[in-house]
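Below is one structure, written out as structure tokens; the observations come after it.
The values are calculated or read from the model by the stated rules, or taken from the named source; none is laboratory data. Owing to the predicted nature of the structure, the values given are computational and were not obtained by experimental measurement. Methodologically, a virtual Cβ is constructed for each residue, glycine included, from the backbone with ideal geometry; neighbour enumeration extends over all protein chains shown. Heads up: the accessible areas ignore ligands, DNA and RNA and are worked out on the full protein's heavy atoms, side chains in. Shrake-Rupley method; radii C 1.70, N 1.55, O 1.52, S 1.80 Å.
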Amino acid sequence: MTHHVSAWLDRLALWLPGTFENREQALADPTWYVGVRLWHRSVGVFGPGHLGIYAEQASAPTFAKIYRPRVFQISPTSDPDFPLAVAYFALRQPERWRGGGLDPAILEPLTLADLEPLPGCLLPMAVLAEDAGFRAQLPPDRRCCFQADGQLRQVSLGFEVRSGEFLSYDKGIDPDTGKPIWGAIMGPFRYRRVGD
């Protein structure tokens, strides 16, 4: 692993974990953006040279109903344009880990055996100019699909991360029409870090 990639992973390990909210955005444009609290917690399931993040979120005003638990792995690649890649995983028993964002002790027993790779959910990650941050985006020809409630779900995944800020481009896609039906339809959800 090159020095640059190692340094980028170290930076992501500082910038990604934490508690994030999009409160300002939700107040400014409540028609399109609900207030969301997003938790990212480091998990060590992928070993040295890789960064693992457990993510879950909840909607305002109570932040009580936690949804979308998932794990993603950031790893080095041999592509100079996209030196990192992000792979997404589902949890085999999501209820067992729910609340791990608020209480990281819940995640301590998590292992690779608890994760299920999501086919097609691999995002190339680029380093933004002048080390301003990182951008990961699902290529337009790739479909990220998973089963939920007995139905096939499709999502378009993407995010940007910089110090203190996380932008989510995630959208749910109607598999029949290919049109977005939820999420960042009018632009990214803009989260600010509110806690480590």
Starting from region 98-122, take each residue that is at positive phi and list its partners that are at pLDDT 95 or above, counting only C-beta distances under 9 angstrom and pairs at least six apart or across chains. G99/E56; G99/I106
For region 57-68, state whether one or more residues are on the phi > 0 side of the Ramachandran plot and modelled with pLDDT of 90 or more. no
With of a type outside the set (S, T, Y), closer than 15 Å to L118 by Cβ and either touching a Gly at 6+ places or on another chain (Cβ under 8 Å) or surrounded by fewer than 18 Cβ atoms within 10 Å (Cβ to Cβ) (or both) as the only criterion, which of A64, A55 stands out? A55
Sort out which residues of region 91-118 are surrounded by fewer than 13 Cβ atoms within 10 Å (Cβ to Cβ) and among the β-branched types (V, I, T), and write them in order of number. T111
Hits in region 75-88 - residues which are over 22 Å from R37 (Cβ atoms) and either surrounded by 15 or more Cβ atoms within 10 Å (Cβ to Cβ) or of a type in the set (A, V, I, L, M, F, W, C) (or both): S75, P76, F82, P83, L84, A85, A87
Members of region 174-186 found to be open to solvent by less than 90 Å² (accessible area, probe 1.4 Å) and in contact with a Phe, Trp or Tyr (Cβ under 8 Å, 6 or more places away or on another chain), listed by number: G183, A184, I185
Can you tell me which residue is farthest from T111 (Cα to Cα) among those in region 43-58 that are assigned to a strand (DSSP E or B) and free of Cβ contacts under 8 Å to residues at least 60 places away in the same chain? A58
Test: residue in region 116-128 that is modelled with pLDDT under 95 and in a loop (DSSP other than H, G, I, E, B): yes
Looking only at region 158-181, how many residues end up being touching a strand residue (DSSP E or B) at 6+ places or on another chain (Cβ under 6 Å) and modelled with pLDDT under 90? 8
